[in-house]
Structure formats: C-alpha cells, structure tokens
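Structure record follows, encoded as structure tokens.
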Amino acid sequence: MLPQVIIIGRPNVGKSTLFNRLVGKKLALVDDQPGVTRDRRFGEAHLLGLDFTIVDTAGWEDDDPSSLPGRMRAQTEAALVGASVALFVIDSRAGLTPLDEEIARWLRVSPVPVICVANKAEGKAGDGGLFEAFSLGFGDPVALSAEHGQGLADLFEALLPHLDAKQRERDEAEPEEEVDELSGPLKLAIVGRPNAGKSTLINRFLGEDRLLTGPEAGITRDSIAVDWAWTDPKTSEERQVRLIDTAGMRKKARVVDKLEKMSVADARHAVDFAEVVVLLLDATLGLEHQDLKIASMVLEEGRALIIAINKWDVAEGPSGLFNGISAALADGLSQVKGVPLLSVSARTGKGLDELLRVAFEIRETWSRRVPTAALNRWFDDALAANPPPAPGGKRIKMRYITQIKNRPPSFVVFGTRLELIPASYERYLVNSIRRELGFEAVPIRLTMRSSK
Ligand code: GDP
Ligand code: GDP
C-alpha cells in the first residue's frame with residue numbers, strides 16, 4: 001500500500017494539471033476504489049524516487065456553484081481519511097479568494113498535515129499570491145508551476161518528511177532489484193581496437209554448441225543483434241545473451257565485408273544499445289591510449305564496463321602484465337575504481353565463462369535501486385564523517401538524497417547553495433556511495449539541486 005497524497009483546492013487552481021504531472025502520461029490511472037464516489041481520481045505518482053498514490057478531488061466542481069462550499073467540505077473530509085498529507089493548491093496569480101480562506105479553515109482543524117502549493121508560479125506574476133500564501137499558516141508554501149513542471153524539487157522536499165516513514169516500511173518490505181530489468185537477455189557489446197580478437201571471441205561465443213537464434217536486424221536499421229543462450233557451467237543455468245552490433249559481428253554477418261577500424265565512434269554506436277560493454281585488449285600490446293579513450297567513453301555514456309585482456313595464451317610474463325595494466329587503468333580511469341579486469345583467450349576459450357558471469361553480475365549492480373531510507377541513512381553518516389565545506393564562511397546545507405534512476409545509478413542531492421560544493425567533495429560522496437552502498441565497479445551520476 002502506497003501512502004496517499006490528496007490534492008485539495010477550489011476549482012481552476014490547477015489540481016488536475018498537478019495530478020497529471022505527477023502521474024505522468026505513460027502510467028495508467030488506478031481504478032476508482034470500490035465504494036468510493038466517482039468524484040475522486042486515484043493515480044500512482046512518482047516524484048524523484050518517491051512513490052505515492054495521488055488523489056485528485058477535481059470532480060466536485062461540476063454542479064451548482066451555490067452549494068459548492070458545503071459539498072466540498074463534506075467531500076474534503078471524506079477524502080482526507082487515510083491520507084498521509086494534503087496538498088492545498090492555490091492559484092498564485094489570482095491570489096487568495098474567500099473560498100481559499102474557507103478551505104484553509106477546514107484544513108486547519110483536520111489531523112492531516114497540509115502543504116500549501118502556490119501554483120501557476122512561473123514568471124513573476126505569481127509572487128503576490130505566493131506571499132499571501134504564507135499568511136495561511138501552513139508553513140512555507142511551495143511555489144510551483146504544474147503546467148511547466150517547475151518547483152517539483154521543492155515539492156519533493158516538502159513531501160519527503162511526510163512520506164519518509166511510509167516509504168521506509170515499504171522499502172524494507174520490498175526486494176531491492178527490479179526483476180523485469182534483469183529477466184531480459186543481457187545486452188552485451190564487445191569493443192576494442194582492430195585485431196584485439198573481437199571476431200574470434202564472438203565466433204567462440206556463437207560456436208556450434210551455442211543456440212543461435214539470430215542474427216536479427218532490428219534494433220536500428222544498421223545495427224545487428226544476435227541472441228544466444230549461454231549455460232553457466234558452474235550452475236548449469238541457461239541465460240540469454242544478446243550481442244550488440246560490433247565491427248567484428250558485422251564481419252561475421254557479412255553485412256560489411258571490408259576490414260573495419262574500431263574507432264571510438266564505432267564503439268559509441270554499439271554502446272548505445274548495450275547494458276554491459278566488454279573492452280577487449282590485446283595481451284601482446286598492453287594498454288594503449290586508444291583503449292583508455294574507448295573505456296572513458298563507455299563510462300561517460302553510463303554503461304557498465306568490463307576490461308578483458310585477450311590472447312592470454314601467448315602473454316609474456318602474465319602476472320607482471322596483469323599488474324601493469326591494472327595500475328595503468330587505476331591512473332587512467334579515475335572515474336571508476338575497480339572496473340573488473342579479466343584475462344581471457346578467445347582462441348582457447350579460457351576465462352570466457354567467467355567473463356559472462358561477471359557481465360551478468362555487473363548488470364545487476366548497474367540496475368540496482370537503493371531504498372530512499374537506506375540511502376539517506378548512508379547520507380547522514382557520510383556528512384557526519386566529513387561535513388561539506390563552508391566556502392567563504394557560507395554554510396552549504398545538504399538535506400536529502402534520492403536515487404532518481406538506475407542503469408546507471410543516478411542520484412540527486414537537495415539542499416541550498418549546492419553550486420558552491422567543490423568537485424573534491426562531490427568525489428568524496430561518489431566514492432562513498434560506491435564503497436558503502438555496493439556500487440564499486442559501475443559509473444554513477446550525482447547531481448546537486450539547490451532550492452531557495
Ligand atoms: P483544477 O480545476 O484545479 O483541476 O484546474 P486545472 O488543472 O483544470 O487547471 C485550470 C487552468 O489552469 C487550466 O487552464 C490550466 O492550463 C491552468 N494551469 C494549471 N497549472 C498551471 C500553471 O502552473 N501555470 C499556469 N499559468 N496555468 C496553469
Ligand atoms: P578483431 O579485429 O578484433 O575482430 O580481431 P580478430 O578476431 O580478427 O583477431 C585478430 C588476430 O588475433 C587473429 O589472427 C586471431 O586469430 C588472433 N587472436 C584472436 N584471439 C586470440 C587469442 O585468444 N589468442 C591468440 N593467440 N590469438 C588470438
């Protein structure tokens with residue numbers, strides 16, 4: 001059961017617009033609950049990582065306006081039952097009306113906490129109404145433009161304290177992973193310089209013992225995907241893999257016959273459609289500048305990266321080579337520490353099952369969502385251990401963090417004066433997220449959102 005947030009306000013202040021904004025076009029409306037009158041709409045709302053049921057009371061408004069206040073009062077009281085918080089919407093352009101004042105009086109005696117939302121606040125025209133809204137006694141009003149999607153971060157901040165406890169219960173009752181994102185085939189791209197062994201590796205993957213269900217052209221006109229089933233010899237589990245467009249595959253599929261140079265641009269194209277990207281190095285050549293360029297691009301695009309040193313069967317001084325490459329990666333790929341580094345041989349098949357095992361694992365990490373409550377517990381600890389600096393004596397206030405998406409894991413911090421946060425402090429937070437929340441080897445995005 002999601003917590004309920006109810007939207008209340010006189011006609012025409014923008015309640016339906018706010019409802020639609022929070023529910024989003026793609027999400028189906030939740031059906032009216034049994035026994036509940038028709039004049040309420042229920043929807044599943046998502047706001048920057050918060051999930052709740054949003055209830056719109058707009059339907060009260062159709063009938064005779066003379067009896068409106070009385071019916072609204074009865075309906076408001078009915079609707080408030082079971083709500084965690086009410087959004088009392090006013091039109092900041094129109095300013096407060098007598099009906100707004102009357103609704104405010106009912107809400108003041110209700111046990112449900114109220115957030116006043118001053119809607120239509122885009123531009124300057126709403127400043128007067130926003131000021132008036134302070135006088136209602138519901139604390140700081142949230143200035144919002146439901147139509148233009150402005151002020152949603154402030155609304156999130158205002159809602160969080162009311163929904164946090166409920167969200168926490170729910171988070172703890174639910175598994176962390178989004179199962180359907182992991183049940184589809186692993187979308188894997190193999191990139192690397194010419195002659196690194198991409199074709200050989202793909203031929204090995206798609207050998208006779210593999211179930212070849214492609215090639216399928218379909219992702220885009222000029223890209224190719226091949227589906228096959230890999231059986232993990234350790235667990236005997238069969239797992240689906242989709243190899244995405246690489247120069248090597250195009251050779252195999254005879255779509256492009258000429259020898260292609262694996263440029264950064266080619267890799268970029270493959271990466272667009274992949275979840276996990278394997279960068280193949282040539283053990284006889286070591287790590288070169290071009291490899292680092294491709295690796296950085298993969299991480300900048302937010303994909304999970306694995307680096308595999310190929311031709312291990314002919315590697316000279318393998319342990320020194322491995323350590324050398326590992327150190328060069330630590331220097332050259334500072335964005336992500338701990339990108340998996342494996343040794344393989346496309347020719348002999350050594351290390352290939354391990355490569356796929358790691359690829360499935362890293363996809364899981366890349367797809368993970370951290371519950372808001374756990375995230376904020378980490379956040380409090382991280383700030384306590386190393387408080388944000390106060391540049392020029394100005395205190396930076398960091399209030400909350402939320403994971404707005406996965407694949408790649410992306411986080412937003414809310415607070416004030418966050419534009420003053422130095423890059424070194426952001427790095428501290430990112431590294432701490434990695435270490436403490438188990439995102440070691442995947443790219444992470446962290447953005448700061450200041451509110452007034
Ligand atoms: P409701 O009767 O409270 O549900 O209000 P509606 O959502 O139907 O909106 C009433 C009118 O206000 C519509 O014409 C909307 O386009 C407009 N409106 C809603 N939100 C905003 C906003 O943020 N800014 C402006 N300028 N107009 C808005
Ligand atoms: P691509 O350009 O990346 O597709 O590379 P190819 O698959 O065409 O391989 C380039 C050369 O490296 C070929 O001569 C392969 O036989 C050789 N090669 C590929 N993988 C291995 C390997 O694991 N060990 C050895 N010794 N040679 C390999």
With criteria (1) in contact with a strand residue (DSSP E or B) (Cβ under 9 Å, 6 or more places away or on another chain); (2) modelled with pLDDT of 70 or more; (3) within 28 Å of LEU50 (Cα to Cα), LEU182 comes up short on (1)
Considering only residues that are farther than 19 Å from LEU48 by Cβ and either β-branched (Val, Ile, Thr) or not in a helix (DSSP H, G or I) (or both), which ones fall in segment 403-420?
ARG417
For residues that are assigned to a helix (DSSP H, G or I) and within 17 Å of PHE273 (Cβ to Cβ), scanning just segment 188-204, find the one that is farthest from ligand 2 (Cβ to nearest atom).
ILE202
Options ILE309, ILE294; residue that is at pLDDT 85 or above, among the β-branched types (Val, Ile, Thr) and in a strand (DSSP E or B)
ILE309
Checking the structure you have, find out if any residue of segment 211-220 is hydroxyl-bearing (Ser, Thr, Tyr), in a loop (DSSP other than H, G, I, E, B) and at pLDDT 70 or above.
no
Among the candidates THR53, THR57, which residue alone is of a type in the set (S, T, N, Q), in contact with a Lys or Arg (Cβ under 7 Å, 6 or more places away or on another chain) and either within 16 Å of ligand 1 (Cβ to nearest atom) or modelled with pLDDT of 60 or more (or both)?
THR57
What do you reckon, is ARG363 without any contact (Cβ under 8 Å) to a residue 60 or more places away in the chain and either closer than 28 Å to SER183 by Cβ or in a helix (DSSP H, G or I) (or both)?
no
Taking segment 113-128 and keeping only residues that are buried (at least 18 other Cβ atoms within 10 Å of the Cβ) and closer than 19 Å to LEU159 by Cβ, one is left with VAL114, ILE115, CYS116, VAL117, ALA118, ASN119, ALA121
Answer with yes or no whether ALA359 is at pLDDT 90 or above, within 22 Å of the chain's Cα centre (by Cα), buried (at least 17 other Cβ atoms within 10 Å of the Cβ) and not β-branched (Val, Ile, Thr).
yes
Could you go through segment 369-384 and let me know if any residue there is closer than 19 Å to ALA308 by Cα and either in contact with an Asp or Glu (Cβ under 9 Å, 6 or more places away or on another chain) or of a type outside the set (Gly, Ala, Ser) (or both).
no
What number of residues in segment 421-437 are crowded, with 16+ Cβ neighbours inside 10 Å and in a loop (DSSP other than H, G, I, E, B)?
1
Suppose we keep only residues that are among the hydroxyl-bearing types (Ser, Thr, Tyr) and not in a loop (DSSP other than H, G, I, E, B) within segment 323-352. Which one would you say is surrounded by the fewest Cβ atoms within 10 Å (Cβ to Cβ)?
SER326
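Yes/no per residue for (1) within 12 Å of ligand 1 (Cβ to nearest atom); (2) surrounded by fewer than 22 Cβ atoms within 10 Å (Cβ to Cβ); (3) under 20 Å from PRO141 (Cβ atoms); (4) at pLDDT 75 or above:
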| residue | (1), (2), (3), (4) |
| --- | --- |
| PRO65 | no, yes, no, no |
| ALA74 | no, yes, no, no |
| GLU77 | no, yes, no, yes |
| GLY82 | no, yes, no, yes |
| VAL85 | no, yes, yes, yes |
| ARG93 | yes, yes, yes, yes |
Scan GLY320, GLY286 and give me the residue that is within 16 Å of ligand 2 (Cβ to nearest atom) and surrounded by fewer than 17 Cβ atoms within 10 Å (Cβ to Cβ).
GLY286
Do the conditions hold for VAL298, that is, is it of a type in the set (Val, Ile, Thr) and surrounded by fewer than 21 Cβ atoms within 10 Å (Cβ to Cβ)?
no
Check whether at least one residue in segment 90-100 is basic (Lys, Arg), within 32 Å of the chain's Cα centre (by Cα) and more than 24 Å from ARG40 (Cα to Cα), and report yes or no.
no
Please determine whether any residue of segment 401-413 is within 26 Å of GLY151 (Cα to Cα), of a type in the set (Lys, Arg), surrounded by 15 or more Cβ atoms within 10 Å (Cβ to Cβ) and in contact with a Leu (Cβ under 8 Å, 6 or more places away or on another chain).
no
Tally, over segment 323-360, of residues that are without any contact (Cβ under 8 Å) to a residue 40 or more places away in the chain, touching a helix residue (DSSP H, G or I) at 6+ places or on another chain (Cβ under 8 Å) and closer than 17 Å to ASP291 by Cβ:
2
What single numbered condition from (1) in a helix (DSSP H, G or I); (2) over 30 Å from GLY286 (Cα atoms); (3) at pLDDT below 90 fails to hold for TYR400?
(1)
Condition first: surrounded by fewer than 20 Cβ atoms within 10 Å (Cβ to Cβ) and of a type in the set (Gly, Ala, Ser). Now tell me which residues in segment 301-311 satisfy that.
GLY302
Going by the structure shown, is GLU440 touching a residue at least 60 places away in the same chain (Cβ under 8 Å), surrounded by fewer than 20 Cβ atoms within 10 Å (Cβ to Cβ) and more than 16 Å from ligand 1 (Cβ to nearest atom)?
yes
Would you point out the residue of segment 362-398, among those that are of a type in the set (Lys, Arg) and surrounded by fewer than 17 Cβ atoms within 10 Å (Cβ to Cβ), that is farthest from the chain's Cα centre (by Cα)?
LYS394
Could you list all residues from segment 122-150 that are part of a loop (DSSP other than H, G, I, E, B), within 16 Å of ligand 1 (Cβ to nearest atom) and closer than 14 Å to LEU87 by Cβ?
PRO141, LEU144, ALA146
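The values are calculated or read from the model by the stated rules, or taken from the named source; none is laboratory data. The model shown is predicted, which means the values in this text are computed figures rather than measured ones. Here Cβ is always computed from backbone atoms with ideal geometry, including for glycine, and neighbour counts include all displayed protein chains.
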